[in-house]
Amino acid sequence: MTDTFLDKAYSTVGTDATRALYTDWAKTYDAEVSKNGYATPGRCADALKTVTDDFTKPILDFGCGTGLSGLALSLAGFQTIDGVDLTQEMLERAKEKQLYRSLRLSDSIADLASKLGEYSAVAAIGVIGAGAAPIDVFDMIFNALPRGSHFVFSFNDHTLEDPIFEARVKAVVSSKQAKLMIEQYGDHLPGLNMKSKVYVLEKT
């Protein structure tokens, strides 16, 4: 297998183009990223675990894709996981893993964010950044979160090349809208020598 889809992912722009890419990628996504040692889901789940007291409270896997993030969250001890995604084909793969309390297809990112207030934690693992959702999605998720909730997310190396992403995180922390609980740089896709930064914010 070649890395055709990974090569395309970081240059894809726009919701429609991204949805089309992931629709085509769904059947081979797990194999392709796993071959390259996809480490970010596990790192995000472990980071969220360190700030969690009650693992029975529902959490949302935002942009859950094929469920690799849900698998990581489940292995970290989270017991009630809901998933939402823009792509039906990805959700079908997630359903096969039998990890989620519920899975929901949404037509727009705004609709995805509409129910975030119900959760004590939201994970957006590999969702925001180059070849994925724009920085506006960070704002949408963060603004919809209830106070005291946690937000775990990641920016890969391609994303970190654009200063707007980290600047937005620093802005909500410096304005005391959030506490920065965790910020860790480490493996993302070791097979491609790519790293990512994992963050956990607590909304104040």
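The values are calculated or read from the model by the stated rules, or taken from the named source; none is laboratory data. Computed from a predicted structure; not experimentally measured. As a convention, Cβ positions derive from the backbone with ideal geometry for all residues, glycine included, and neighbour counts pool all protein chains shown.
Scanning the stretch 181-204 for residues that are over 19 Å from THR50 (Cα atoms) and over 14 Å from the mean Cα position of the chain (by Cα) gives LEU189, PRO190, GLY191, LEU192, ASN193, MET194, LYS195. Taking the conditions (1) surrounded by fewer than 16 Cβ atoms within 10 Å (Cβ to Cβ); (2) part of a strand (DSSP E or B); (3) not small (Gly, Ala, Ser) in turn, MET181 satisfies each one other than (1). So for the stretch 5-13 (the condition being at pLDDT below 95 and in contact with a strand residue (DSSP E or B) (Cβ under 9 Å, 6 or more places away or on another chain)), does at least one residue qualify? Looking through the stretch 5-13, at least one residue is at pLDDT below 95 and in contact with a strand residue (DSSP E or B) (Cβ under 9 Å, 6 or more places away or on another chain).
The residue pairs whose first member lies in the stretch 36-48 and is on the phi < 0 side of the Ramachandran plot and at pLDDT 95 or above, whose second member is among the polar types (S, T, N, Q) and part of a helix (DSSP H, G or I), and whose beta carbons are closer than 8 Å, counting only pairs six or more residues apart or on different chains, are PRO41/SER69; CYS44/SER69; ALA45/SER69. In the stretch 52-158, counting only strands (runs of 3 or more DSSP E) that sit wholly within it, the ones holding 2 or more residues that are modelled with pLDDT under 95 and surrounded by fewer than 23 Cβ atoms within 10 Å (Cβ to Cβ) span 102-105. Among the residues here, LEU145 does not qualify as more than 14 Å from ILE125 (Cα to Cα), without any contact (Cβ under 8 Å) to a residue 24 or more places away in the chain and in contact with a helix residue (DSSP H, G or I) (Cβ under 6 Å, 6 or more places away or on another chain). When restricted to residues that are within 22 Å of GLY42 (Cα to Cα) and crowded, with 18+ Cβ neighbours inside 10 Å, the stretch 159-174 contains 3. Exactly one residue out of ALA47, ALA31 is buried (at least 16 other Cβ atoms within 10 Å of the Cβ) and more than 11 Å from the chain's Cα centre (by Cα), and it is ALA47.
Per the conditions (1) free of Cβ contacts under 8 Å to residues at least 60 places away in the same chain; (2) outside any loop (DSSP other than H, G, I, E, B), the sole criterion not satisfied by LYS176 is (2). TYR199 passes every criterion in (1) modelled with pLDDT of 95 or more; (2) exposed (fewer than 13 other Cβ atoms within 10 Å of the Cβ) apart from (2). Inspection of the stretch 150-160 finds no residue satisfying the criterion of being free of Cβ contacts under 8 Å to residues at least 24 places away in the same chain, out of contact with any Cys (no Cβ under 9 Å at 6 or more places or on another chain) and either more than 22 Å from GLY63 (Cα to Cα) or not hydrophobic (A, V, I, L, M, F, W, C) (or both).
Whether a residue is at positive phi and among the small types (Gly, Ala, Ser) was assessed, and GLY131 passes this test.
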